[in-house]
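These notes concern the structure reproduced below.
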Amino acid sequence: QVRLVESGGGLVQAGGFLRLSCAASGSIYSINAMAWYREAPEKARELVARITSAGSTNYADSVKGRFTISRDTAKSTVALQMNSLKPEDTAVYYCSADSPPYNFWGQGTQVTVSS
């Protein structure tokens with residue numbers, strides 16, 4: 001089992017920034033990749049950014065150049081630096097950990113960007 005706890009969400013004006021953090025505990029040795037997803041009202045959950053244990057990253061097209069995912073393996077944390085935020089970034093952001101054959105999720109943190 002892997003437990004994930006997110007922090008860092010909040011309300012910010014368009015153009016501003018936020019930094020989300022996710023702390024993993026439990027069977028962290030089994031984690032291959034970690035990711036951030038988001039779910040906006042009446043929309044499907046979507047991948048925002050993902051980072052593997054080797055440090056490879058990929059991003060949704062909508063956030064490329066604005067968001068940066070990073071991982072501190074020693075501290076079992078993953079962060080998402082979000083710059084130049086837009087109202088369309090408003091969503092609940094979830095941390096995810098791939099631990100084959102399982103996938104674990106955090107409880108989510110709300111990010112609201114006002115125009």
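The values are calculated or read from the model by the stated rules, or taken from the named source; none is laboratory data. Every value quoted in this text rests on a predicted model; they were computed, and no experiment measured them. Don't worry about glycine lacking a Cβ; one is built from the backbone with ideal geometry, like all the others, and counts go over all protein chains shown. Areas reflect the complete protein model, heavy atoms only, side chains present, ligands, DNA and RNA absent. Shrake-Rupley method; radii C 1.70, N 1.55, O 1.52, S 1.80 Å.
Worth a mention:
- Spin-label proximity, ARG45 to segment 68-97 - amide N less than 15 Å from point 7 Å beyond Cα toward beta carbon: 91-97
- Shown are GLU42, GLU88, whose ranking by accessible area with a 1.4 Å probe and every protein chain present, most to least, is GLU42, GLU88.
- The chymotrypsin sites (Phe, Trp or Tyr not before Pro) of segment 1-107 meeting both criteria, a DSSP state outside H, G, I, E and B (loop) and at most 15 other C-beta atoms within 10 angstrom of the site's C-beta, are PHE17.
- Debye, to nearest 20: dipole size of the chain, +1 on Lys, Arg Cβ, -1 on Asp, Glu Cβ: 200 debye
- Within the chain, all pairs of alpha-carbon atoms sorted by distance into 10 Å bins from zero give the percentages 15, 50, 29, 6, 0.
- Relative contact order for segment 1-42: 41 percent, from Cα pairs under 8 Å spaced at least 6 residues apart, divided by residue count.
- Sparsely packed trypsin sites (Lys or Arg not before Pro) within segment 62-98, loop by DSSP, other Cβ within 10 Å at most 14: LYS64, LYS75
- Accessible carbon and sulfur surface of the chain relative to its total accessible area, %, 1.4 Å: 50 percent
- Relative contact order of the chain, defined on C-alpha pairs under 8 angstrom at six or more residues apart (%): 37 percent
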